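Chemist: Okay, here's the structure, questions in a sec.
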């Protein structure tokens, strides 16, 4: 005879308590849940975060709701494991983040005056340094994908005033990096390319473009992922149409493929 599950609740507090009760039961009675460790959950948590990111890009609100629930489950799961190890519990997790938010918003919970969001970010970074961070960049995770890391690095240093004043200055830097890359690695020139140097120079081009995107309030990760999705849709249409016509992509010319590619663009 199975256990009676706790019923749905109408308040946030009640619903959260329901989740904690279910987690306690699963950790005790379910072989799979009982076996999990923080390390075994890590890759699953990363997958859940990417699934949430996909749902946000698609503006799929029902899916966002579901993915937020999955991530909340993981948070509760980690806290439960830590509680069993007598390290901390979910109450301490919640109080820690509440204390951090209060401390880092002195313009709300103190007497600090701010004029705009830039002031808020500068205060945030200064407070983090006072809390013990040795560097403004110390909070940027090493394992972040390079594109996301570049954006976070630039946003972090902006918080302490290390920033261009005008976006025209940033674009000038983009053009400078592009010209350096073009002059050094002009594809029309018949010469061996120093691959390591080419990679370094191309990295400079990307870094400057990411910085310009930030000045336009464009998140480069979101922008590139939207382009990825757009390309996948168009290429999938190309494959579908070629199959309908009994054609093999390997045997088609680029001009023939372009017909279906442009056809896909008209459906957007």
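Chemist: What spacing in nm lies between the two simple spin-label points modelled at residue 33 and residue 143, each 7 Å away from Cα in the Cβ direction?
Modeler: So the two model labels end up 2.5 nm from each other.
Chemist: Let me ask something additional. With a/c under 1.5 counting as rounded, go ahead and sort the stretch 61-157 into rounded, prolate or oblate using the C-alpha gyration tensor (a ≥ b ≥ c being the square roots of the eigenvalues; past the cut-off, prolate if a/b is larger than b/c, else oblate). Write down the numbers at each step before the final one.
Modeler: Values: a/c = 1.64, a/b = 1.38, b/c = 1.19.
It comes out prolate by the Cα gyration axes.
Chemist: With the cut-off at 1.5 for a/c, could you classify the stretch 10-68 from its C-alpha gyration tensor as rounded, prolate or oblate? Mind showing how you got there, number by number?
Modeler: Details: a/c = 3.33, a/b = 1.29, b/c = 2.58.
In terms of gyration-tensor shape, oblate.
Chemist: Also: What distance in nm separates the simple spin-label points at residue 107 and residue 233, each placed 7 Å from Cα in the Cβ direction?
Modeler: 3.7 nm
Chemist: Let me ask you something else. For the stretch 191-260, rounded, prolate or oblate, judged on the Cα gyration tensor with a ≥ b ≥ c (square roots of eigenvalues), a/c < 1.5 rounded, else prolate if a/b > b/c?
Modeler: Values: a/c = 4.29, a/b = 1.64, b/c = 2.62.
Here the stretch 191-260 falls in the oblate category.
Chemist: Relative to the first principal axis of the alpha-carbon coordinates of the chain, what is the inclination of helix 12-29, with its axis defined by its Cα atoms, in degrees from 0 to 90 and to the nearest 10?
Modeler: Value to nearest ten degrees: 90.
Chemist: Just grab the label-to-label distance for residue 133 and residue 196, each label 7 Å out from Cα along the Cβ direction, in nm (one decimal).
Modeler: According to this spin-label approximation, the distance is 3.3 nm.
Chemist: Still on this model: Multiply the residue gap between residue 12 and residue 247 by 0.36 nm, knock off their C-alpha separation, and tell me the result in nm, one decimal place. Intermediate values should be presented prior to the final figure.
Modeler: Working: separation 235, 0.36 × 235 = 84.60 nm, distance 5.64 nm.
Contour length minus the Cα-Cα distance gives 79.0 nm.
Chemist: OK, next. Helix 220-244 sits at what angle to the longest principal axis of the chain, using alpha carbons and giving 0 to 90 degrees rounded to 10?
Modeler: Result, in degrees: 70.
Chemist: Next question. If I build a Gaussian network model for the chain, linking alpha-carbon pairs within less than 10 angstrom, which residue out of 101, 73, 254 has the largest mean-square fluctuation?
Modeler: Residue with maximal mean-square fluctuation among 101, 73, 254: 254.
Chemist: Which of 66, 182, 247 ends up with the largest GNM mean-square fluctuation for the chain, with Cα atoms connected below 10 Å?
Modeler: 247
Chemist: Work out how much length residue 180 to residue 266 would gain on full extension: take 0.36 nm times their residue separation and subtract the Cα-Cα distance, in nm to one decimal.
Modeler: Values: separation 86, 0.36 × 86 = 30.96 nm, distance 3.70 nm.
Extending this stretch completely gives an extra 27.3 nm.
Chemist: With angles folded into 0 to 90 degrees, how steeply does helix 195-215 sit against the dominant principal axis of the chain? Use alpha carbons for both and round to 10.
Modeler: So the inclination is approximately 60 degrees.
Chemist: Something else: Among 21, 256, 58, which one shows the highest mean-square fluctuation when the chain is modelled as a Gaussian network with alpha-carbon springs under 10 Å?
Modeler: Its mean-square fluctuation being the largest, the pick is 256.
Chemist: Sticking with this structure for a sec: What are the radius of gyration and Dmax of the stretch 117-252, computed over its Cα atoms and given in Å?
Modeler: Spelled out, the Cα radius of gyration and Dmax of the stretch 117-252 are 20.5, 67 Å.
Chemist: In whole percent, what relative contact order does the chain give with Cα contacts below 8 Å and a gap of six or more residues? Show your work: numbers first, answer last.
Modeler: Numbers: 155 pairs, mean separation 26.9, N = 268.
The normalised contact order for the chain reaches 10 percent.
Read the figures in this text as sums done on the coordinates, not as results from a lab. Here the structure is a predicted model, which means the values were calculated and not measured. Because the Cβ atoms are built from the backbone with ideal geometry, glycine has one as well, and the counts that use them run over all protein chains shown.
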